[in-house]
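In what follows, a single structure is set out as structure tokens and then discussed.
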Amino acid sequence: MKVQFNTQGVPMYAIGRKFVMKTSMPDETLPSAPSTQELVLDKLKGKNFIMNGDSNDLPDQFCNTIENNGVLTRALNMSVDIAAGNGLIPIRVTGYDDAGKETLEYVNDIELISMLNKNWVYFYIFETLRDRAKIGYGFAQLRPNVAGDKIVKITPANALYTRLVEPVNGIVPSVFYSGKFPDIDETTATEYILLNNVDPEEHLAVLQAEGKLTAPVFYQMKNRFSNRVHYTLPNWYTAKEWVEISNKVPKFINAGMDNIVNITTIIHIPYSYWEKKYPQNQWDGKEKERTQAIQADLDLIEENFTSVENARKTLIAMFGADEGNSTADQWKIEVLQPKSDPESIKSATAADSYITIAAGLNPDVLGLMYGNSKGGSMQRELLLLHEILSTSARNEVLEPLELMIRFNNPGKYDDVQIRFKQDFLTTLDTGKQTGTTLT
């Protein structure tokens, strides 16, 4: 008997050789977002903060769900890889041609180019995009120097460990950051100012003028498609039921390998076999022990026929002929090959498709190959399409970086924009296999 327990110790399903049992529970494997947008508050260091989920652990639940589903993990990872690009280039838009295409001027400033090629820049961009895709929002830390007149660098703040302080007049003034979240720990939690993302540049200038730019300040990036104000939900969450199906199919098949989906065998054993092996007169007064011995034999026979290791092996049965009936002592063995379970495969395939689409990718990009998209041209077009659709997320993670550049160099780079450099696949008849573009 194979029994699958959840993390609370509740048996969710059991697969035996004769039946299957499933426990019905609402939202048994997937995290549940709050059904309303009412703020659930808790107190830390004398201030209220907004809990994320009823137990303040919704981000952790999201991550656990993603890590336990291969398709969702791969889809989100690839989505982030595409959005993170292949380096940054500073440019100026000097005008537009007759077709409306931008005329670009590359900014060949060695100091600026060197800064954009720093490892911390890519580290910040990738991890912020990751949190935005997995959890629904991300945070940047703008770290000032001691004097408070320069931003030294930007680092990501893990969304798992960041909670928003209760809004004042509709505006969240600060965040708590602690590696102990979702647990509340007074000793590790630190409060940081949160920049107003409507006009962060003005807010940063005000903080500098007031002498408050003495510690890192946070900037929140959100999944703008979500209508939730504070903790926005990730897009993949819309496919939560399909994630549940996708998780259950391999578990069901794996559990069934030792049981119902393996070779099924019917063994007919004559009563005389047991009388000859365990004569009643030799077990007088020991009926319980005799029954246990027979049960042990049956368990051993079952193991030899139904386990994965022993499937299709040979059983040698010996019998003695009865003068009145030549087959009286004969074992009869019927081996049945059960039909495959195409419905499980169809369910798993459909689940993979819906999960990938909800994560923001066409299933074909992951090699699922549905419809008429098996050609190289379609693959190239899909990658280019996904890169274009990454524009919103890219602009959002570039905002703090451009803010830092303008803040550190007043008036010098006001018209400079940062663009992603992206390699792309081309057709072989172009004479080269890859190209580069700016987005």
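The values are calculated or read from the model by the stated rules, or taken from the named source; none is laboratory data. Being a predicted model, the structure only gives us computed values, none of them experimental. Note that each Cβ is placed from the backbone with ideal geometry, even for glycine, and that neighbours are counted across all protein chains shown.
Quick notes
- Residue within region 177-190 that is more than 30 Å from W236 (Cα to Cα), out of contact with any Asp or Glu (no Cβ under 9 Å at 6 or more places or on another chain) and either outside the structural domain of R74 (by TED's automatic domain parsing) or of a type in the set (F, W, Y) (or both) present: no
- Helices (runs of 4 or more DSSP H) completely within region 62-144 that count 1 or more residues being touching a strand residue (DSSP E or B) at 6+ places or on another chain (Cβ under 7 Å) and either modelled with pLDDT of 90 or more or in the same structural domain as A359 (by TED's automatic domain parsing) (or both): 110-116, 119-134
- S246 vs. criteria within 30 Å of R130 (Cβ to Cβ), at pLDDT below 80 and not assigned by TED's automatic domain parsing to the domain that holds S79: yes
- Positions within region 168-186 being assigned to a loop (DSSP other than H, G, I, E, B) and under 31 Å from the mean Cα position of the chain (by Cα), in sequence order: V172, P173, S178, G179, K180, F181, P182, D183, I184, D185, E186
- Criterion applied to T238, T214, T232 was being modelled with pLDDT of 75 or more, more than 30 Å from G148 (Cβ to Cβ) and assigned to a loop (DSSP other than H, G, I, E, B), and the one residue passing it is T232.
- Counting the residues of region 83-114 that are polar (S, T, N, Q) and touching a residue at least 24 places away in the same chain (Cβ under 8 Å) gives 1.
- Evaluation of V335 against the conditions (1) at pLDDT 65 or above; (2) touching an Asp or Glu at 6+ places or on another chain (Cβ under 9 Å) shows that the sole unmet condition is (2).
- Residue match in region 346-361 (condition: modelled with pLDDT under 65 and under 30 Å from D131 (Cα atoms)): yes
- Residue selected from region 197-221 under the condition polar (S, T, N, Q) and within 34 Å of the chain's Cα centre (by Cα), by the criterion farthest from T128 (Cα to Cα): N197
- Candidates N169, N145, N117 - the one that is without any contact (Cβ under 8 Å) to a residue 12 or more places away in the chain and either over 24 Å from N56 (Cα atoms) or acidic (D, E) (or both): N145
Condition check ((1) assigned to a helix (DSSP H, G or I); (2) loosely packed, with under 15 Cβ neighbours inside 10 Å; (3) modelled with pLDDT of 75 or more; (4) not assigned by TED's automatic domain parsing to the domain that holds E202) across all residues:
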{"position": "V365", "(1), (2), (3), (4)": "yes, no, no, no"}
{"position": "M369", "(1), (2), (3), (4)": "no, yes, no, no"}
{"position": "S373", "(1), (2), (3), (4)": "no, no, no, no"}
{"position": "L384", "(1), (2), (3), (4)": "yes, no, yes, no"}
{"position": "S392", "(1), (2), (3), (4)": "yes, yes, yes, no"}
{"position": "E396", "(1), (2), (3), (4)": "yes, no, yes, no"}
{"position": "M404", "(1), (2), (3), (4)": "yes, no, yes, no"}
